[in-house]
């Protein structure tokens, strides 16, 4: 993947074609299906003139869509139920053993979206400090469900510029015996460089994002929490 590649989303068809082209470089890079609604939400969140209240409202909408698509990456099993008419219906249900892990602080903005979809899901946390000059990431705190090694993990981190923080988080999960192919990184905006760095280090990791662009909106967490 060319680390300088950008996606021009001025045309919906071209936008999706370019996403598909990028996806050929790594089948583990997944995208939220693009439509005008998604592109509008992305535009609002990138607009410097968006008010904080509007930013939070539209961020929550996009987060919910990303979480829903992330959940589609989890395994399902066949489920047969009885309908009120007395007929059976063959459907699907989630396999047991899923959990969420948020990378504090910005990853916490995605927790409510996950709880809205999976009301009893367990959520762990990782706190990582990053040096502003060297971008070196250091783990400060990590707390997970005791049986996390047996679970599929939805790792929540909305913005990726370099990928260093996410790489550190994946390393911590692997140190807790979580299989690499059991980790799904749920993301809103990421750069080509961060994806290239992550997937070159962890080729079996799955990344689900709404947009791949050379410029990441690093103001996201501060704007969402009102600390900008």
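Here are a few things to note about the model shown:
- Alpha-carbon spread of segment 12-225, three principal axes, descending order, Å: 63, 41, 36
- For segment 127-206, diffusion coefficient by Stokes-Einstein and Kirkwood Rh (Cα), 10 °C, 1.306 mPa s, µm²/s: 123
- Ratio of the Cα radius of gyration of segment 70-180 to 2.2 N^0.38 Å, where N counts its residues: 1.31
- Gain in span if fully extended, residue 104 to residue 35, counting 0.36 nm per residue against the direct Cα distance: 21.9 nm
- Label point distance in nm, residue 171-residue 72, each placed 7 Å from Cα along Cα→Cβ: 3.3
- Here the relative contact order of the chain, from alpha carbon pairs under 8 Å that lie six or more residues apart, stands at 23 percent.
- With both labels modelled 7 Å from their Cα along Cα-to-Cβ, the residue 181 to residue 93 distance reads 2.6 nm.
- Per-peptide average of other Cβ atoms within 10 Å, ordering 86-97, 153-164, 52-63 highest first: 153-164, 52-63, 86-97
No value in this document is a laboratory result; all are computed from the given coordinates. Nothing here was measured: the structure is a model prediction, and the numbers come from that model. Virtual Cβ from ideal backbone geometry, glycine too; neighbours counted across all protein chains shown.
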